[in-house]
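Have a look at the structure below, then the notes.
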Amino acid sequence: MDKFLTWLSENSAVITGAVFAFMIAFVQKKEGNVMEKITGAFLCSLFSTGLFYGVVSVFPQCPQVAAVAIGSFVGFYGVDECKRLISEKIKNLLGNTKND
């Protein structure tokens with residue numbers, strides 16, 4: 001139990017970011033039944049967690065509290081919109097202006 005509590009305290013910002021993503025996405029989604037809303041919100045929380053750890057691997061100096069901002073962003077825009085935005089940015093960085 002002590003190891004779990006230590007892990008929880010060390011990763012509280014990331015967990016908070018994932019919870020924010022879940023809550024915001026759940027409230028934002030208007031259409032669909034409850035199960036679809038829960039599934040979409042869960043995907044937002046997973047995506048925000050993965051995105052945060054991706055940012056930290058590229059920019060190690062990124063503070064843990066940035067996970068809350070990333071989680072809020074993903075929850076507000078949703079997984080599909082975030083995926084589209086990131087894909088566009090990568091295409092622009094690589095100089096690929098074609099729309100697939």
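Readers should treat all values here as calculations from the given coordinates under stated rules, not as data from a laboratory. Given the structure is predicted, the values throughout are model-derived calculations rather than measurements. Positions of Cβ are backbone-derived with ideal geometry, glycine not excepted, and every protein chain shown enters the neighbour counts.
Quick notes on this structure:
- Any chance residue 78 is on the phi > 0 side of the Ramachandran plot and either without any contact (Cβ under 8 Å) to a residue 60 or more places away in the chain or surrounded by 15 or more Cβ atoms within 10 Å (Cβ to Cβ) (or both): yes
- Counting only residues that are part of a helix (DSSP H, G or I) and more than 9 Å from the chain's Cα centre (by Cα), region 43-67 holds 7 of them.
- Any hit, region 4-15, residues being closer than 15 Å to residue 82 by Cα and assigned to a helix (DSSP H, G or I): no
- Residue in region 45-52 that is surrounded by 11 or more Cβ atoms within 10 Å (Cβ to Cβ) and either among the charged types (D, E, K, R) or in contact (Cβ under 8 Å) with a residue 40 or more places away in the chain (or both) present: no
- Every residue from region 50-91 that is farther than 16 Å from residue 25 by Cβ and of a type in the set (Asp, Glu): 88
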